Amino acid sequence: MTMKTHKILLVDDDPILLKIGSISLSQLDNCELLLANSGLEGINIAQMQKPDLILLDVIMPELDGIATYRKLTELSIDIPVIFMTANDNVDEIESYRQMGVLDVIIKPINPREFPQRITQILNDLVVLS
């Protein structure tokens, strides 16, 4: 039995984080990584590629993560979203969860733990579906 390939869309305006995220997530089996460096590009890729999971930076120029998430919702793009932020304020994180995001990852990401966390999230999504 072959395992399903999961598409993960990583959206961040920081090229260093895109690179670290790419290298880190390349350790995952059965994953195809899609990259976007802006909210608008992320929305376009989400519409065309229909990823299984979106990792979305909160602070970006022009269309930030919150506006991007709202636009995805408006367009009825029903893909689980995880916010990535350097802000570890508990109230802020709770407000993101109340918006409907699946989870919040605090940056900087740990390249060793990041793929394990994403694997766990993908496994949880499969169990829930």
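A few points about this structure:
- Applying the criteria of a DSSP loop state and at most 16 other Cβ atoms within 10 Å to the GluC sites (Glu not before Pro) of segment 27-129 yields E62, E113.
- Rg and Dmax over the alpha-carbon atoms of the chain stand at 13.6, 44 Å.
- Modelled FRET efficiency - R0 30 Å, D124 with I16, Cβ distances, 0.05 increments: 0.60
- Amide H contacts of L55 (H built 1.01 Å from N, under 5 Å, at least 5 apart or other chain): L9, L10, V11, I82
- When +1 charges are put on Lys and Arg Cβ atoms and -1 charges on Asp and Glu Cβ atoms, the dipole computed for the chain relative to its Cα centre reaches about 400 debye.
- Cα centroid of segment 46-78 to Cα centroid of segment 103-121, whole Å: 18 Å
- Virtual spin-label span in nm between E92 and N110, 7 Å along Cα→Cβ: 2.1 nm
Values quoted throughout were computed directly from the atomic coordinates according to the rules given, and no laboratory measurement underlies them. Because the structure is predicted, anything quoted here is derived from the model rather than measured. Please note: Cβ atoms are built from the backbone with ideal geometry, for glycine as well, and neighbour counts cover all protein chains shown.
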